[in-house]
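The values are calculated or read from the model by the stated rules, or taken from the named source; none is laboratory data. All of these numbers come straight from a predicted model, not from anything done at the bench. Cβ coordinates were reconstructed from backbone atoms using ideal geometry, including for glycine residues, and neighbour counts include every protein chain displayed.
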Amino acid sequence: MKNSEIERRLKEDVEKSVPDVFDSIEARKGTVIPMIQEKPRKRRRTAVLAAMAAALLLVAGGLGIAFQSFQSTLDTVDSIVSLDVNPSIELKVNKDERIIEANARNEDARVILDDMDLKGTDLNVAVNAVVGSMLKHGYITQDSNSILISVENADSEKGAALQKELTAEISGILKASSVEPSVLSQTLEEDKELEDLAETYGISLGKASMIRQIMEKDSRLTAQNLAGLTINELTILSTSHDINLDSISSTGSASSGSYISGEKAQSIALEHAKLSSSAVSKLKTELDADDGVMIYEVEFTYKGTEYEYDINAKTGAIEKTKKEIDDDYDAQKETSSSSASSQGSSSQGSSSQSSSGYIGLEKAKSIALQHAGVSGNVTVLKEKLDTDDGVAVYDIEFYKDGVEYEYEIHAKTGAVLDYDRETKQVSSSNSSSSNNSNSRIDSAKAKEIALKHAGVSASSIKEYQCELDDDDGRLVYEIEFRSGQMEYDYVLNAADGSILEHSRERDD
């Protein structure tokens, strides 16, 4: 109830309670009125006091209701405004655009808010204080000039208007501080999935929304790798991957002044590998993120070896490096070696030796068999050219008379670097047949069956593995391989080649 209404009702009650004697006094002008002292009328006085007390109670009640209504208006959240740079700050605002609550969503935001008490402050004043603190602490600079404004309001028109107002306000603040601004802004709706994402990674709803949009456009990018990036880095990464953030409005361009170029990252990787750009093939460089750090992924191939580097996009430091044999390249070499052997070459070792100086699979297999003291027919489980700590090696695995052998042979010198043997236990009911290699298919036939069932060619597969194993007294081949974006697993009965189990799933 408004104060004017309360005052009017109080006046009426008082007037009704007190008699109006002024007219009668005027009518009896000139007449002597005897002044007789009478005993006070207690009832009349009591009635007047009661009326006045009731009026006061009415006023007090009205003021209490009015105060409660006013307090409720102050504490009701009308909009949620998020300001993100790397600090993520959330401002809850009432309908009069005054701050109800200011929340720091991460550790950097606590530094920004420090001991500021923004409750009850006008939104524009609070935004000026927050952005000023970000400038002061170096979170916004000429080389890191992006800020994301997010507004959540049940009234979409009001939310859009507030978004536009804040964009202009913050752009003005940054320009006045000699920073060419890159301001991104968006309006949000209530979204449980988005709230869960924000809670999981300790970020604001606004930043969570931006990250979700990026992941929807490029599934290779994950929330875990993106959550630690600044808004400036997320913007640069989006541009690099040609990602159009449809629901985010933007003014200005994100600065890349504090990052090295892709060409510089290539140069660092090639220099570390002691190679030139003209000597390598399949050279590719891409900006990416790894657990909150911006990196360049540099990849290239040289003489059948694949090189992969992760270069820190800010410092140029080599974060990771990996080198492995290109399976496709090796397959081509081995095909030519096999052709030479089939044409009657008298020396398997020399005919299978590639131009890279490797001894070849046949020679490596011969060395392993000789070292194991095994002759005659064996079941080959794996023959593969690989790398171990940057050294090219042949992985040879085979099975003979209940024993499985594993060898690692130096690809150039033929030296036995490592070996192991393991006896495979087979139940008595199957021992006679399982130990006789003539009673089961060989690994080559098992491979042929699995590939035919999968509908893939031998030249298209990678990371092929085949192992002869005992499954409750039955010998089986366990086969794994990858082709394209799929991983395949097979279990074949070694006695007749029947497929006992198989699965296929996408290679993450």
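Quick notes on this one:
- Against the criterion of being in a strand (DSSP E or B) and modelled with pLDDT of 90 or more, E383 does not qualify.
- Hey, T167 surrounded by 14 or more Cβ atoms within 10 Å (Cβ to Cβ), among the hydroxyl-bearing types (S, T, Y) and either out of contact with any Lys or Arg (no Cβ under 8 Å at 6 or more places or on another chain) or assigned to a loop (DSSP other than H, G, I, E, B) (or both) or not: yes
- Meets criteria (surrounded by fewer than 18 Cβ atoms within 10 Å (Cβ to Cβ), without any contact (Cβ under 8 Å) to a residue 40 or more places away in the chain and at positive phi) for K303: no
- Within region 189-219, the set of residues being touching a residue at least 40 places away in the same chain (Cβ under 8 Å), outside any helix (DSSP H, G or I) and either among the polar types (S, T, N, Q) or surrounded by fewer than 22 Cβ atoms within 10 Å (Cβ to Cβ) (or both) comprises G202, S204.
- Of the strands (runs of 3 or more DSSP E) lying entirely inside region 76-157, those containing at least 2 residues that are of a type in the set (G, A, S) and either surrounded by fewer than 22 Cβ atoms within 10 Å (Cβ to Cβ) or at pLDDT 90 or above (or both) span 79-84, 99-104, 146-153.
- Of everything listed in (1) touching a residue at least 60 places away in the same chain (Cβ under 8 Å); (2) surrounded by 14 or more Cβ atoms within 10 Å (Cβ to Cβ); (3) more than 30 Å from I461 (Cβ to Cβ), the single unmet condition for K323 is (3).
- Qualifying residue in region 409-420 (condition: at pLDDT below 85, surrounded by fewer than 18 Cβ atoms within 10 Å (Cβ to Cβ) and of a type outside the set (D, E, K, R)): yes
- Residue match in region 460-469 (condition: under 26 Å from E324 (Cβ atoms) and part of a helix (DSSP H, G or I)): yes
- Taking the numbered list (1) outside the structural domain of T230 (by TED's automatic domain parsing); (2) under 30 Å from M210 (Cα atoms); (3) not β-branched (V, I, T) in turn, H272 passes all entries but (2).
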